[in-house]
Amino acid sequence: AQKKVEGMHYDARKHLLEFDDVANDQREVIYQLRDELTGTEDVKDRFIVIREDVISDLFAEYISPQVLEEDWDVKGLHNILKTEYAADVPIQKCVDEGLEVDEILRIVLSGLALPHDAKEEAVGSETMRTFEKAVMLRALDYHWKEHLALMDHLRQSVNLRGYAQKSPIQEYKRESFTVFTLLLEAINVEMVKALCSVSIEQKQSSTGDVPVEKTQTRQPSPQQMKPNPSPS
């Protein structure tokens, strides 16, 4: 009986460590991303790469060379770019002119890059670099906290799958990988949306007319308005 009890305790500790190993691997990835952001003052090149990846993936959901042109959702793409990314790109005009898909994508990417460059010119490169870095770190931290809460819930739910002759740890590893992949995508999307939606205005100060940054991001969605979970 003593050996059976000790064996059960050993198995429980072993499974607990396996759960922790998955969380630690994900934590290392996030902390490495955060260290890379905090370790540099200029994140513009990184943001440009992220923006192009996010918009290219979004573009492919609505317009693709593998899909017939009459099945393209040009209006849907235009609306989401305008409402979520503050970019009013004449996509339908490009389609009517018979441009290739790659050329339309290039025009869409330019439609997001030009306003960002104009904002940088208005407030200065140093101010824009600081703001880019702050927004990217905020998106990373917020979604990581949300992910930790989700992982805790997942960890509790997979234990019930043992009744269905499934390995809880294998189910946890499989689903946590999917959730973590979605987390990284959500972080990038939030970074791009926030930086594309920021507005810059000229303000008159007591010493005269000088350019002053006024950052006004998108109105948060109902999910974003809920209280942030406490950090782990």
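Values as computed for the structure displayed
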quantity: Hz values of 3J(HN,Hα) by residue in region 88-100 - Karplus curve (6.51, -1.76, 1.60), Gly and Pro given as x; calculated: 9, 9, x, 5, 4, 4, 5, 5, 5, 7, x, 5, 5
quantity: Convex hull volume per residue in cubic angstrom - Cα atoms of region 33-192; calculated: 146
quantity: Solvent accessible area, Å² - R34, 1.4 Å probe, full protein context; calculated: 80
quantity: Y142 versus D117: modelled label distance in nm, points set 7 Å from Cα along the beta carbon direction; calculated: 2.8
quantity: Distance between modelled label sites at T83 and K173, nm, 7 Å Cα→Cβ extension; calculated: 4.2
quantity: Principal semi-axes in Å for region 55-150 [√(5λ), Cα gyration tensor, largest first]; calculated: 30, 20, 10
quantity: Ranked order, Y172, Y31 - accessible area, probe 1.4 Å, largest first; calculated: Y31, Y172
quantity: Where the Cα pairs of region 21-62 fall when distances are cut into 10 Å bins, in %; calculated: 25, 33, 33, 10
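The values are calculated or read from the model by the stated rules, or taken from the named source; none is laboratory data. What you see is a predicted model, and the numbers here were worked out from it, not measured in a lab. Note that each Cβ is placed from the backbone with ideal geometry, even for glycine, and that neighbours are counted across all protein chains shown. With ligands, DNA and RNA removed, areas are computed over all heavy atoms of the protein, side chains included. Shrake-Rupley method; radii C 1.70, N 1.55, O 1.52, S 1.80 Å.
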